[in-house]
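The values are calculated or read from the model by the stated rules, or taken from the named source; none is laboratory data. These numbers were taken from a predicted model, which means no experiment stands behind them. As a convention, Cβ positions derive from the backbone with ideal geometry for all residues, glycine included, and neighbour counts pool all protein chains shown. With ligands, DNA and RNA removed, areas are computed over all heavy atoms of the protein, side chains included. Shrake-Rupley method; radii C 1.70, N 1.55, O 1.52, S 1.80 Å.
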Amino acid sequence: MRCLILSDIHANVAAFDAVLADVDTGTIDQVWCLGDVVGYGPSPDECIARLQELPDHCCVAGNHDWAATDRIDIAEFNPVAQIACRWTSQQLTSENRAYLENLPTTLVKGDCTLVHGSPREPIWEYIIYPSTAQPNFQFFDTQLCFVGHTHAPAIFQEQTSSHRFEIRIPSPNESIAIGDERLIVNPGSVGQPRDGDPWAAYMVFEVEKKILEYHRIPYDVGLTQRLMMQKELPESLISRLSFGW
Ligand code: ZN
């Protein structure tokens, strides 16, 4: 079984379409989305529609998905995120609002747990450093846990008597064979990368073979930026897409 793993699409339909074209959805059996389908970007309803068209898809709730439906308070968002969140909230159709509102915080698919932030705190916690990842291994029972939220691809391996804990940043187009080790894996962000590379990020997991493929692909950043300008979204959110931060 081949699973497409997406996170942090953030209403960037040009980036999402580029990923779907690159992966060839005909080869994909399931789609696992790690939340933040909306927020920041110019096309929230279109991105939800694209996701819902995909075969055997599932999605967990991200902080932006719930903030756009008023399920969580946006007081902790920075000022530009608040502006974008209010704009997103005004755009959503009632069906899409209900879809986001009802997303679960955690899903288990075979030997994989899916959350947006962390298994310990699925909506808000960022796993950036090994020191945050390590205690989180106690909060899921599967071998792997897929997370998003930081917008930066990373693989954290659980510390054992023979393995010192570490973080590994995968290389684009790398295939990673997984053994028996427990991992927390972040595929990076489709629609607003923050690791210094503006290209859209995604992963494909070959479940039976236990092979994780990591991909980066270019997309029409200018198209997304023009749409954001038309919708009068904050300038800093528009310019950051050029730089991937
Ligand atoms: Zn996000």
Do you know which residues across the stretch 44-71 are on the phi > 0 side of the Ramachandran plot and either within 16 Å of the chain's Cα centre (by Cα) or within 16 Å of the ligand (Cβ to nearest atom) (or both)? none
If I go through the stretch 124-171 residue by residue, how many of them are surrounded by fewer than 21 Cβ atoms within 10 Å (Cβ to Cβ) and touching a helix residue (DSSP H, G or I) at 6+ places or on another chain (Cβ under 8 Å)? 8
Would you check if residue 6 is touching a Cys at 6+ places or on another chain (Cβ under 6 Å) and within 16 Å of the ligand (Cβ to nearest atom)? yes
Check off (1) of a type outside the set (A, V, I, L, M); (2) at pLDDT below 95; (3) under 28 Å from residue 215 (Cα atoms) for residue 29 and give me the number that stays unchecked. (2)
Out of all the residues in the stretch 175-198, which are surrounded by fewer than 20 Cβ atoms within 10 Å (Cβ to Cβ), assigned to a loop (DSSP other than H, G, I, E, B) and not hydrophobic (A, V, I, L, M, F, W, C)? 179, 180, 181, 182, 194, 195, 196, 197, 198
Top-ranked residue of the stretch 135-161 - restricted to ones that are within 25 Å of residue 196 (Cβ to Cβ) and over 17 Å from the mean Cα position of the chain (by Cα), ranked as farthest from the ligand (Cβ to nearest atom): 157
Scanning for something open to solvent by less than 60 Å² (accessible area, probe 1.4 Å), part of a loop (DSSP other than H, G, I, E, B), of a type outside the set (A, V, I, L, M) and closer than 28 Å to residue 134 by Cβ, does the stretch 68-79 turn up at least one residue? yes
In the stretch 158-183, what residues are more than 28 Å from residue 200 (Cβ to Cβ) and at pLDDT below 90? 159, 160, 161, 162, 163, 164, 165
Inspect the stretch 73-81 for any residue being at pLDDT below 95, within 16 Å of the ligand (Cβ to nearest atom) and under 25 Å from residue 219 (Cα atoms) and give the result as yes or no. yes
If you check residue 106 against the conditions, is it in contact with a Pro (Cβ under 7 Å, 6 or more places away or on another chain), within 16 Å of the ligand (Cβ to nearest atom), modelled with pLDDT of 95 or more and on the phi < 0 side of the Ramachandran plot? no
Restricting the search to the stretch 199-229, which residues are open to solvent by 10 Å² or more (accessible area, probe 1.4 Å), farther than 27 Å from residue 87 by Cα and among the hydrophobic types (A, V, I, L, M, F, W, C)? 207, 211, 217
Limited to the stretch 25-43, what total is found for residues that are within 13 Å of the ligand (Cβ to nearest atom) and of a type in the set (Gly, Ala, Ser)? 3
Do any residues in the stretch 11-35 that are in a helix (DSSP H, G or I) have Cβ atoms under 8 Å from those of residues that are of a type in the set (Lys, Arg) and surrounded by fewer than 20 Cβ atoms within 10 Å (Cβ to Cβ), where the two are at least six apart or on different chains, and which pairs are they? 13/50; 16/50; 17/50; 20/50; 27/2
Picked from the stretch 215-245 (must be out of contact with any Gly (no Cβ under 8 Å at 6 or more places or on another chain) and among the hydroxyl-bearing types (Ser, Thr, Tyr)), the residue nearest to residue 43 (Cα to Cα) is 219
Just checking, does the stretch 80-98 include any residue being without any contact (Cβ under 8 Å) to a residue 24 or more places away in the chain, charged (D, E, K, R), out of contact with any Gly (no Cβ under 7 Å at 6 or more places or on another chain) and in a helix (DSSP H, G or I)? yes
